[in-house]
Structure formats: C-alpha cells, structure tokens
Amino acid sequence: MIQRKTFWRLAMSRCIARQSLRLSLFVGTLLNLINQGSAIWTGAEIDWTLGILNFFVPYAVATYSAVRNEQRSSDV
C-alpha cells in the first residue's frame, strides 16, 4: 500500500506531472469535442464545469496510474 507522503511526492514529481498534463490535454480536448462539439460549433453556451472535468479526470487517472506503476516497479 502506498503511503500518502510517498503518493503525493511521486504525483507531484516533474516527470509524472508532465506526462499526465500532456495526456490530459489530448484526451480532454477529444472529450470536449465529443461532449460539447455541437455547442462549440454553433456558438451555444458551453458547460464550463463539464469542460474542466473533461481535463481533470484524465489527469487524475493518468497520475494515479503512473504513481501505482512507479510504486510497483520499485517493489520488485
């Protein structure tokens, strides 16, 4: 089990944060186009909460996965 301090230290490391950010920008953009594409193209009102979540969720998943992978590889 990952200790909290170790988890946050790894999650905030430059390498993991950069990878997660790049992935979330790509996936978040795709999700926004899928979820709000019609609003974007027609000029209708955009749901900003949904827009933020479309970027935050991939960032959180990528960060968590990278930290768990890092932890597992150091246990071996």
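For the reader, a short list of remarks on this structure follows.
- Every residue from the stretch 23-76 that is farther than 20 Å from M12 by Cα, among the polar types (S, T, N, Q) and more than 17 Å from the chain's Cα centre (by Cα): Q36, S38, T42
- The stretch 8-34 residues that are closer than 9 Å to P58 by Cβ and of a type in the set (S, T, Y), paired with ones that are open to solvent by 80 Å² or more (accessible area, probe 1.4 Å) and part of a helix (DSSP H, G or I) (beta carbon under 8 Å, 6 or more apart): S24/F56
- Count of the stretch 9-43 residues which are over 17 Å from S65 (Cα atoms) and touching an Asp or Glu at 6+ places or on another chain (Cβ under 9 Å): 3
The values are calculated or read from the model by the stated rules, or taken from the named source; none is laboratory data. It should be emphasised that the depicted structure is a prediction, and the values quoted were computed from it without experimental measurement. Note that each Cβ is placed from the backbone with ideal geometry, even for glycine, and that neighbours are counted across all protein chains shown. Each accessible area value is taken on the protein alone, full model and side chains, heavy atoms only, with ligands, DNA and RNA left out. Shrake-Rupley method; radii C 1.70, N 1.55, O 1.52, S 1.80 Å.
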